[in-house]
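The values are calculated or read from the model by the stated rules, or taken from the named source; none is laboratory data. Here the structure is a predicted model, which is why all the values come from computation and not from measurement. Note: ideal-geometry Cβ built from the backbone for every residue, glycine included; neighbour counts use all protein chains shown. Accessible surface is based on the protein model in full, side chains and every heavy atom, while ligands, DNA and RNA are left aside. Shrake-Rupley method; radii C 1.70, N 1.55, O 1.52, S 1.80 Å.
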Amino acid sequence: FGQFKDVAQIFKHPKHLAILALTSGIIVFNWGFYVWSIEAGRALESSLGYFINPLLNVVMGYLFLGERFTRPQLVALGLAAIAVLVQTIAAGVFPWLGLMLASTFCLYGFLRKTIAVGPTQGFFIEVCIIAIPLLLTQVWLVNNGEAHFGGTLPDTLLLMGLGLMTTSALVFFALSIKLL
């Protein structure tokens, strides 16, 4: 998007680069954990994380960013917390998968909000940081006959499209947390 000057500026701030290295690891862990939970047949438990995450974001904002709430907002938060509790009881399990996913994504969002790096530029740096280990993992999967990407044309095209969708969502998420 013609923002390479902004990307170059990131390298002048080792703290920002270190935080982006940390956020890239957190998001890889989050995505990997989510994929594992789906593969393990625990979609309901892991989906609770997407209901828990906004509540954790609010707690982080209150504790670390000085955000305060009006009475109607507190009522809405209380209702949301009750809804999560009802869904958790209905699921019949302690939502440790959901808590793991929610807390890692909350930490990712919090860290990204605390550094002065644009969403596209930060995402580009994160991708550059994780590219080498993920490419090495892909080579290993191909060599062991376990890869889907590069296996067949339909699988490869599907994974590329899903990657584009995921990338778009994450860039828009990073943009939205900057605007909030």
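The table that follows gives values for the structure above.
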quantity	calculated
Ranked order, M165, M160 - accessible area, probe 1.4 Å, largest first	M165, M160
Relative contact order [Cα under 8 Å, 6+ residues apart], the chain, whole percent	31 percent
Residue-normalised accessible area of region 56-180, given per residue in Å² at a 1.4 Å probe	64 Å²
Net dipole in debye of the chain [+1 Lys, Arg Cβ; -1 Asp, Glu Cβ; about Cα centre; nearest 20]	700 debye
Compactness relative to 2.2 N^0.38 Å, alpha carbon Rg of region 1-61	1.56
Percent accessible area from carbon and sulfur atoms, the chain, protein chains only, probe 1.4 Å	74 percent
DSSP H segments from the chain that extend 27 Å or more along their own axis, Cα-based, with Kyte-Doolittle mean of -0.5 or above	14-39, 43-64, 71-91, 119-143, 153-179
